[in-house]
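Peer 1: After the structure tokens below, expect a handful of questions from me.
The values are calculated or read from the model by the stated rules, or taken from the named source; none is laboratory data. Computed from a predicted structure; not experimentally measured. Methodologically, a virtual Cβ is constructed for each residue, glycine included, from the backbone with ideal geometry; neighbour enumeration extends over all protein chains shown.
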Amino acid sequence: MADSDGEFVVDDGSDDELVAQSGGARGAVGGGRSGKGGDEGGKRRKKASKAAWEDLQRSWDVVHELDDGNLSLEGFLEAEKRRRVLRDTTPIQRGIIRHLVLVIDMSFAMAEKDLMPTRHRLTISYAIEFVREYFDQNPISQLAIVGMRDSIAVRISDLSGNPAEHIEKLRALPDLDPSGSPSLQNALEMCRGALFNTPSHGTREVVIIFGALLSLDPGDIHETIDGLMQDRIRVSVIGLAAQVYICEEICRRTNSGKAAADLGIVTDTDGSAYNVALHEVHFRELLMSATRPPVTRQSQLQQATGETASLLMMGFPSRKTDKDPALCSCHNRPVRNGFLCTRCGSRVCRLPSECPACGLTLILSTHLARSYHHLFPLKIWSEVPWNDAVRSVSCFACHAPFPDAKNKDADKGKDAEKDPGDKHLKVPSKDTNGKKKKPAAPVPKGVSESGRYMCQVCRHHFCIDCDVFSHEVLHNCPGCQSDTRGDLATTNGKGAANGSVSNGVAHDSNGAMAID
């Protein structure tokens, strides 16, 4: 049919290209601008409006290849270890006596398999690790666990300081399939009831693992948020799916924001109260970050009443072993070993705990010491450049050998002799096929090029593994703790830890000479 209409062709061009074409046409008619310039302007506008997910990260170009053809991942592993250590070490007041409620989502959304094996099983596994780490870092604190399923809140374990009881309850949860919808209001109201009778000298915190995108509440949740603010309860949320507005509102009003400022509460605004997990490793990092005590803020109660800090009475009992078993006052079970209350003489099975008879807090001195390191954290050790690396040949703590600075300089000399025209390259060129190697991968931020990290107090050098172990487990510097300097090791009021003096010259343990 000659007089029929032609086929309809879909125009795949974007609005930016349409604007560019019209702009180019106007430029051609006006004579002052060309159509090519209009197209370039449209491309620039299109490039500027590129979304974040459209940005291509060529991570394969960053990987450094060794001489034997294998990939070098040491720099990335060391950078990851260093990232865990780099944090603010300013001594500030924190609540070392904590009362925390862990809320676990057990709704239908936790059956998803985007986090392997499922969200539910991975959450239970991480929750068990969280309980161990929480009581290891906060031995004089207490913890409770609450679940959300079928639009109600389920009490999993009561508020106590015994990690074995919480772990036993958590290990029975994988057999319980997720079902129903979660209810943030019911869970928060149960948390308010659990934390209502806690003493005012301790913190009141709620950590929620939320995997759904909805909350089926029986009433107005904003009234519950007002009650949380009035009771000085902090809420932190770890999302597993996406960001939800009501969760952001709960964290903002209970941790920071204008509403808290109107009540006279000075808050920390670091924005870390609400986070969404990107993958399994990130989820674990977010959960384990809750083991660090929060910053103490000026509460509404202290501003209103003018109350000041008061002393707390605690007992430090010692273990006693008897030939004949006796009933403990905490579980009413016959035991031979136990701790006697320093006030009333009642027997308890384990520490820390609260005496069931007189209510006295019973702890050990080591428990108080482990909680004390949060107030005065170990300072970050500095990176040691190659110029200062000659002072040590091995780690002061584990005696692991360091990379030799002389060999590094020798390699540089060999490279210069082989290819004097490519002195700027850190690696020699390949002899086969006439191809040159890629330049050495740059040192990541925070990683020492010499593999040495120095304590600013004792001036000793340590490896990256000892750096992580000292900051995450020991919370003390091995060099500072082993300082046994005497009068002979001090020269003009200055001397290195574990130093010695020979012929009037002071040397440290790594053989370096102390120079004033």
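Peer 1: Any idea which of 105, 114 is acidic (Asp, Glu) and touching a Lys or Arg at 6+ places or on another chain (Cβ under 9 Å)?
Peer 2: None of the other options fit; the residue is 105.
Peer 1: Also, quick follow-up: Do we find a residue being more than 29 Å from residue 280 (Cα to Cα), at pLDDT 95 or above and crowded, with 17+ Cβ neighbours inside 10 Å anywhere in the range 207-216?
Peer 2: no
Peer 1: Out of the range 257-291, which residues are outside any helix (DSSP H, G or I) and modelled with pLDDT of 65 or more?
Peer 2: If the condition is that a residue be outside any helix (DSSP H, G or I) and modelled with pLDDT of 65 or more, then 273, 274, 275, 276, 277, 278, 279 are the ones that fit.
Peer 1: Among the residues of the range 337-381, write down those that are exposed (fewer than 13 other Cβ atoms within 10 Å of the Cβ) and at pLDDT 90 or above.
Peer 2: 345 - this is the single residue of the range 337-381 that is exposed (fewer than 13 other Cβ atoms within 10 Å of the Cβ) and at pLDDT 90 or above.
Peer 1: Which numbered condition trips up residue 188, out of (1) of a type in the set (A, V, I, L, M); (2) within 20 Å of residue 126 (Cβ to Cβ); (3) touching a helix residue (DSSP H, G or I) at 6+ places or on another chain (Cβ under 8 Å)?
Peer 2: Among (1) of a type in the set (A, V, I, L, M); (2) within 20 Å of residue 126 (Cβ to Cβ); (3) touching a helix residue (DSSP H, G or I) at 6+ places or on another chain (Cβ under 8 Å), residue 188 violates only (2).
Peer 1: From the list 219, 193, 180, exactly one residue is closer than 19 Å to residue 98 by Cα, surrounded by fewer than 19 Cβ atoms within 10 Å (Cβ to Cβ) and over 24 Å from the mean Cα position of the chain (by Cα). Which is it?
Peer 2: Result: 193 is the single residue among 219, 193, 180 that is closer than 19 Å to residue 98 by Cα, surrounded by fewer than 19 Cβ atoms within 10 Å (Cβ to Cβ) and over 24 Å from the mean Cα position of the chain (by Cα).
Peer 1: Oh, and also: Test residue 127 against the stated conditions and say whether it is among the aliphatic types (A, V, I, L, M) and free of Cβ contacts under 8 Å to residues at least 40 places away in the same chain.
Peer 2: no
Peer 1: Mind checking which residues of the range 183-209 are over 21 Å from residue 220 (Cα atoms), assigned to a loop (DSSP other than H, G, I, E, B) and either touching a strand residue (DSSP E or B) at 6+ places or on another chain (Cβ under 7 Å) or of a type in the set (Lys, Arg) (or both)?
Peer 2: 198, 202
Peer 1: Sticking with this structure for a sec: What about residue 165, is it of a type outside the set (A, V, I, L, M, F, W, C) and touching a strand residue (DSSP E or B) at 6+ places or on another chain (Cβ under 8 Å)?
Peer 2: Yes.
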